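**Student:** I am attaching a structure below and will ask some questions about it afterwards.
The values are calculated or read from the model by the stated rules, or taken from the named source; none is laboratory data. The structure displayed is predicted, hence computed values, not measured ones. FYI the Cβ positions are ideal-geometry reconstructions off the backbone, even for glycines, and counts take in every protein chain you see. When the accessible area is computed, the model is the full protein with side chains, heavy atoms only, and any ligands, DNA or RNA have been set aside. Shrake-Rupley method; radii C 1.70, N 1.55, O 1.52, S 1.80 Å.
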Amino acid sequence: MIPTKGYAAQSAKDKLAPFSFERREVGPHDVQFEILYCGVCHSDLHQVRNEWRSTIYPIVPGHEIVGKVTKVGAKVKKFKHGDLAGVGCLVDSCRECDNCQKGLEQYCHVGSVGTYNSRDRKNGGITYGGYSNHIVVDESFVLKISDKLPLEKVAPLLCAGITTYSPLRHWKVGKDHKIAIVGLGGLGHMAVKFAAAFGAEVTMLSTSPGKEQDARKLGAHHFALTTDPEHLAALNSKFDFILDTVSAPHDYNKYLKMLNTNGVMICVGIPETPLEIRGFTLLGNRRSIAGSSIGGILETQEMLDYCAEHTITSDVEVIKMSYINEAYERMLKSDVKYRFVIDMSTL
Ligand code: NAP
Ligand code: ZN
Ligand code: ZN
C-alpha cells in the first residue's frame, strides 16, 4: 500500500483536517500521479456535510484533479512518467453494460465508482479524492491534459466543465437558441462560457447584483436579478433552454415559467431537498424538465480538447489547503469568483 496525505472530515459536523491513509499499489493498468491542483466543487461540501445522506466517513473529497504522472503499471499504454494527467468524478464502472459500452459510464447500470465516497471495485475499500498528495487510478479513467493552459484553471473543467458541456452538447444548444443559466458559481460560469462559445444567446439569472459585470465578461448577453420581480415578469416564455446550477433549495417554478414552447429545463444542481414542480407550470407551453449527470470519459476528453483548442478555462481563486473550511463558508454565501482551487503543494 502507498502512504498518502490528505484532508478529511470525520463526521458531518467536523471540519476538514489533515488525515493520513493508504492507496492501493499501482496495478498493471494503473497510473499514479502527484496531485498539483484540485478544484473545490459544491458537491464536496454537500457530501462532507452528508446533505445527500450517503456519506461514508472519513471522507476525503475532491474530484477536479490535475497533476503529473509519477508511476505507471506494466500494461499502461496512454501515459508515461512525467505526463500531465487529470481525474474527474469517476474512477471506475462495470465497463460492460449498455451505458458503459456507449461511453456513458456516469450512467453505468451496475453503478459507477465515484472518485471519493464510493466502494472501490478493485479492493473493496472506500475511494478517497483529490484533497491529497497523490492518487492511483486505472488508466481508462485518467484524462490527458494539454500543456497549453494553466493547470490551476484546467482543474475545474474535470467536474464543473464537463457537467455543463455535456447537457449543452446533448441538447445541441447553439445558434438560434436562447438559454438562461441559473446561478453564477462554479458550474454556472462554465455554462455561460460554453453556451456563448456554442453560439447561443445567453441570459444569466442570478441572485447577486454584484455579478452582472462578470457575467457579461464571461459571455452572457443579458443579466437578470432574480430577486427583482420586475426583471422576472419580463422573462416569461422567453427561453428554449434553462440550465439550473443552483446548489440550495429554491423555487423551480419561478424559472420554469420562463420556458417557451417545447422548452427544456435542465437541472444539474442537486439541493438537499426534492424539487417541487407545479403541474400547470410544467404543462403550459409543453415544457420539459430534465437532469444531467457529469459526463462520460470520452466526452470529458472531448471537452478538455475543445477547451485547449478554444482557450477556455475556469476563473479561479487559488487557495492553500488549510483555507478549505473558510472556502466552504464563502461558497455557501455565493462568494466565489468562480471556483476555489487548492494548490496541493500547500498540503
Ligand atoms: P456554487 O459554486 O456554490 O454555485 C452555486 C450558485 O447557485 C451560487 O453561486 C449562486 O449563484 C446560486 N445560488 C446559491 N444559493 C441560491 C439560492 N438559494 N437561490 C438561487 N440561487 C442560489 O456550486 P457549484 O459547484 O457550481 O455546484 C452547483 C450545484 O451543482 C451543486 O448542488 C452541486 O452539487 C451540483 N453538481 C452537480 C453535478 C452533476 O453531475 N449534475 C456536478 C457537479 C455539481 P448567484 O450568486 O448567481 O445567485
Ligand atoms: Zn463536482
Ligand atoms: Zn456499466
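**Student:** Go through (1) within 14 Å of ligand 2 (Cβ to nearest atom); (2) of a type outside the set (A, V, I, L, M, F, W, C); (3) touching a strand residue (DSSP E or B) at 6+ places or on another chain (Cβ under 8 Å) for residue 20 and report which single condition fails.
**Tutor:** Status for residue 20: all satisfied but (1).
**Student:** Take the conditions under 22 Å from residue 25 (Cβ atoms), modelled with pLDDT of 95 or more, among the hydrophobic types (A, V, I, L, M, F, W, C) and part of a loop (DSSP other than H, G, I, E, B) and apply them to residue 74. Does it pass?
**Tutor:** Details: under 22 Å from residue 25 (Cβ atoms): yes; modelled with pLDDT of 95 or more: yes; among the hydrophobic types (A, V, I, L, M, F, W, C): yes; part of a loop (DSSP other than H, G, I, E, B): yes.
For residue 74, the condition - under 22 Å from residue 25 (Cβ atoms), modelled with pLDDT of 95 or more, among the hydrophobic types (A, V, I, L, M, F, W, C) and part of a loop (DSSP other than H, G, I, E, B) - is met.
**Student:** Run residue 98 past the list (1) farther than 21 Å from residue 339 by Cβ; (2) open to solvent by less than 20 Å² (accessible area, probe 1.4 Å) and report the number of the one that doesn't hold.
**Tutor:** If we test residue 98 against (1) farther than 21 Å from residue 339 by Cβ; (2) open to solvent by less than 20 Å² (accessible area, probe 1.4 Å), just (2) comes out false.
**Student:** Quick one: which of 211, 254, 193 is under 21 Å from residue 315 (Cβ atoms), within 11 Å of ligand 1 (Cβ to nearest atom) and touching a residue at least 24 places away in the same chain (Cβ under 8 Å)?
**Tutor:** 211
**Student:** To continue, here is another question. Just checking, does region 111-127 include any residue being modelled with pLDDT of 95 or more, within 16 Å of ligand 3 (Cβ to nearest atom) and at positive phi?
**Tutor:** Yes, region 111-127 contains a residue that is modelled with pLDDT of 95 or more, within 16 Å of ligand 3 (Cβ to nearest atom) and at positive phi.
**Student:** From the set of residues in region 311-331 that are farther than 14 Å from residue 150 by Cα and under 16 Å from the mean Cα position of the chain (by Cα), which is nearest to ligand 1 (Cβ to nearest atom)?
**Tutor:** Across region 311-331, the extreme among qualifying residues is 331.
**Student:** Under 6 Å between Cβ atoms, which residue pairs at least 6 apart in sequence (or on different chains) link something in region 68-92 that is over 23 Å from residue 295 (Cβ atoms) with a partner that is within 16 Å of ligand 1 (Cβ to nearest atom) and among the small types (Gly, Ala, Ser)?
**Tutor:** From region 68-92, no pairs qualify.
**Student:** I've got another one for you. If residue 71 satisfies every condition in (1) farther than 19 Å from residue 119 by Cα; (2) open to solvent by less than 20 Å² (accessible area, probe 1.4 Å); (3) not hydroxyl-bearing (Ser, Thr, Tyr) but one, which is the exception?
**Tutor:** (2)
**Student:** Follow-up question, since we're still on this one. Kindly indicate which of 62, 39, 86 is closer than 23 Å to residue 112 by Cα, in contact with a Pro (Cβ under 6 Å, 6 or more places away or on another chain) and surrounded by 16 or more Cβ atoms within 10 Å (Cβ to Cβ).
**Tutor:** Only one candidate passes the filter, namely 39.
**Student:** Residue check, residue 212 against (1) crowded, with 21+ Cβ neighbours inside 10 Å; (2) under 26 Å from residue 333 (Cβ atoms), all met but one. Which one?
**Tutor:** (1)
**Student:** Looking only at region 45-64, which residues are within 11 Å of ligand 2 (Cβ to nearest atom) and in contact with a strand residue (DSSP E or B) (Cβ under 9 Å, 6 or more places away or on another chain)?
**Tutor:** Step one: list which residues in region 45-64 are within 11 Å of ligand 2 (Cβ to nearest atom), which gives 45-47, 61-64.
Selection gives 47, 61, 62, 63, 64.
**Student:** Considering 196, 155, 191, 220, which residue is more than 21 Å from residue 39 (Cα to Cα), in contact with a strand residue (DSSP E or B) (Cβ under 9 Å, 6 or more places away or on another chain) and open to solvent by less than 20 Å² (accessible area, probe 1.4 Å)?
**Tutor:** 220
**Student:** Follow-up question, since we're still on this one. Residue 104 fails exactly one of the following numbered conditions: (1) of a type in the set (A, V, I, L, M, F, W, C); (2) open to solvent by 20 Å² or more (accessible area, probe 1.4 Å); (3) within 16 Å of ligand 2 (Cβ to nearest atom). What is the number of that condition?
**Tutor:** Of (1) of a type in the set (A, V, I, L, M, F, W, C); (2) open to solvent by 20 Å² or more (accessible area, probe 1.4 Å); (3) within 16 Å of ligand 2 (Cβ to nearest atom), only one is false for residue 104: (3).
**Student:** From 115, 127, grab the single residue that is touching a residue at least 40 places away in the same chain (Cβ under 8 Å) and either open to solvent by less than 30 Å² (accessible area, probe 1.4 Å) or within 16 Å of ligand 2 (Cβ to nearest atom) (or both).
**Tutor:** 115
**Student:** Here's something else I'd like to know. If we scan region 6-17, do we find a residue that is touching a His at 6+ places or on another chain (Cβ under 7 Å), over 28 Å from residue 188 (Cβ atoms) and open to solvent by 60 Å² or more (accessible area, probe 1.4 Å)?
**Tutor:** The answer is no, given that none of the residues of region 6-17 is touching a His at 6+ places or on another chain (Cβ under 7 Å), over 28 Å from residue 188 (Cβ atoms) and open to solvent by 60 Å² or more (accessible area, probe 1.4 Å).
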